[in-house]
Structures are given as structure tokens and as C-alpha cells.
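Presented below is the structure to which this report refers.
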Amino acid sequence: MAAAKAGILPWLIPSSSATSSPLFSAAVKLPGVWRVKGRKAEKDVSVSVAFNPSGNFDISAFDSHDDTDKVEPPMPPTSGRYEVVIDNDSIQRLDLSPFQTATGITSPSSADPREYLDRSIGFTINYRREDAGDPRELSEYPDIRLWFVRLDAMYPWLPLLLDWRAGELARYAAMLVPHQMSLRMGVVFNPEALELFVMSKVFVVYPWLKRHAVPKPRLKTSDMARMLGFGIGDQLFDLIDQYDLQTTTDSL
């Protein structure tokens with residue numbers, strides 16, 4: 001298959017960290033750990049961000065080839081971060097109260113990004129598997145993913161506030177974007193789905209930061225996209241600004 005296109009739009013540019021590998025790795029690997037269970041042993045999978053432009057997702061989680069470097073070990077959670085703990089009960093009831101209680105964010109309008117950008121937010125998922133030998137990782141369970149889908153629908157700017165350095169952004173994206181797991185490469189995302197996810201978050205996060213008068217909203221939004229392997233061109237921000245200005249003028 002031909003080499004991957006630059007992106008679904010000219011303003012969404014894959015990171016310049018691409019190599020000759022069939023995977024297009026993110027500019028910044030997001031370390032984190034998932035426990036992946038096999039028939040004979042359990043292994044920790046570090047969570048990085050990568051996608052496969054060839055469209056070949058026949059990737060073994062326990063591939064032992066060493067032609068691609070393994071992702072870096074996970075960094076510890078940020079000290080003092082808001083810790084959201086969910087379990088089977090809250091997941092099955094689609095109950096967002098653990099998030100609201102832990103963060104104090106009771107409604108989308110009640111969150112001030114400046115309060116959460118430095119401290120950040122993370123998740124602890126206490127999920128009891130019906131079958132202890134189930135080899136799936138957490139983001140492959142439909143009920144867990146559905147809980148995060150509801151959370152994301154309620155708080156669409158949440159990726160900006162997550163504990164990026166501890167891998168929370170990668171894990172969060174994996175709940176919402178089709179992917180596969182690899183011990184060597186981490187989370188391997190479907191490329192087009194990841195592009196759409198990044199673009200949707202840019203359209204939400206940038207205006208949200210501007211409304212709250214957060215300094216350097218373009219930089220913060222670009223940093224979020226870069227953590228998932230994409231650069232955002234200034235033309236896109238200019239278009240968003242122009243549209244906001246027209247909307248404001250038309251409403252006068």
C-alpha cells in the first residue's frame with residue numbers, strides 16, 4: 001500500500017518523527033502500563049502512541065521481534081493529581097459521579113481549566129473480570145469503553161486536563177479510538193480514527209481555553225495534538241478565530 005497521506009486536512013500534520021518503520025510513531029511517547037494476560041503468562045504493555053498507515057492491524061501483542069524499539073517504561077503519576085476511581089458498579093450504571101466527586105467538576109460549565117492544567121487528572125480502573133483468564137486489556141471491554149464515551153460526551157475538553165506524562169492521554173484515547181496492542185509498539189491506533197479524534201478535540205479545546213482567557217491557547221492545544229503524534233498549522237487556528245469573530249459580529 002502507498003505511503004500514508006499527510007492527514008485528512010492540510011492543517012493536521014503527522015509528526016516529523018516518522019521512520020522507515022511501517023508504524024508512524026508519535027512525537028512524544030506516552031508511557032503507561034496495561035496488564036495484558038496471555039495463556040501462559042502476564043506481561044505489562046507500556047502505552048505509547050503509534051499508528052499503522054499501511055492499514056495492517058494483524059499485530060501480535062507478544063511479538064518478540066526486536067526490529068522496533070520497545071516503548072519507554074512508564075513515568076509515575078503526577079503528585080497530587082485528581083484521582084478518579086471507577087469500578088464495575090459505576091461502569092455498569094454509567095455513573096459519572098466518581099469523576100464529579102474526585103474532581104469537583106459537577107457540570108461542564110463548572111470547570112475552570114486553570115485549576116486543573118497543573119494538577120491534572122488520572123484514572124484508576126478497578127475492574128473485576130468474570131473470567132480471570134480473559135486476555136483482553138481494559139480498553140477492549142465494551143462496558144468500560146461505553147463509560148468513557150459518556151464521560152467524553154459530557155466533558156469533551158477533558159483530554160487537555162489529563163496526566164499526560166503518566167500516559168493518561170494515550171489510555172483515554174484508546175477508550176475512544178480503535179486500536180490494537182503491541183508489547184514493542186504500545187497502542188497502535190487506526191490512523192484515520194485517530195486523526196478524527198484529534199481534530200474533534202482541537203475544535204473543542206481551543207475555543208474553550210479562549211473563553212476562559214487561558215494564556216497561549218494555541219500552544220496548549222497544539223501540545224495536546226502533538227502528544228498524539230500530530231502538529232496543528234496556524235491556518236486552522238486562524239479559521240477558528242475568524243469563524244468565532246463572524247459569529248460574534250452576526251449576533252450583535
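The values are calculated or read from the model by the stated rules, or taken from the named source; none is laboratory data. In this text, all values refer to a predicted model and were calculated from it rather than measured experimentally. Reconstructed Cβ throughout: ideal geometry from the backbone, glycine too, with neighbour counts over all protein chains shown. Just so you know, the surface numbers come from the protein's heavy atoms only, side chains and all, with ligands and any DNA or RNA stripped out. Shrake-Rupley method; radii C 1.70, N 1.55, O 1.52, S 1.80 Å.
Of all the criteria given as (1) closer than 26 Å to Phe189 by Cβ; (2) open to solvent by 50 Å² or more (accessible area, probe 1.4 Å); (3) part of a helix (DSSP H, G or I), the one not satisfied by Phe99 is (2). When segment 142-183 is filtered for residues that are out of contact with any helix residue (DSSP H, G or I) (no Cβ under 6 Å at 6 or more places or on another chain), open to solvent by 20 Å² or more (accessible area, probe 1.4 Å) and part of a loop (DSSP other than H, G, I, E, B), only Leu183 remains. In this structure, Leu146 qualifies as closer than 17 Å to Val85 by Cα and at pLDDT 90 or above. Could you tell me which numbered condition Ser110 fails, if it satisfies all but one of (1) open to solvent by less than 90 Å² (accessible area, probe 1.4 Å); (2) within 29 Å of Arg184 (Cα to Cα); (3) of a type in the set (Gly, Ala, Ser); (4) modelled with pLDDT under 95? So the condition that Ser110 fails would be (2). Screening Gly133 on (1) open to solvent by 20 Å² or more (accessible area, probe 1.4 Å); (2) modelled with pLDDT under 95; (3) part of a helix (DSSP H, G or I) shows it passes everything except condition (3). If I filter segment 137-150 for residues that are hydroxyl-bearing (Ser, Thr, Tyr) and over 20 Å from Arg226 (Cβ atoms), do I get at least one hit? Looking for residues that are hydroxyl-bearing (Ser, Thr, Tyr) and over 20 Å from Arg226 (Cβ atoms), one finds at least one in segment 137-150, hence yes. One residue stands out in segment 213-252 among those that are at pLDDT below 95 and part of a loop (DSSP other than H, G, I, E, B): the one that is surrounded by the most Cβ atoms within 10 Å (Cβ to Cβ), namely Gly229.
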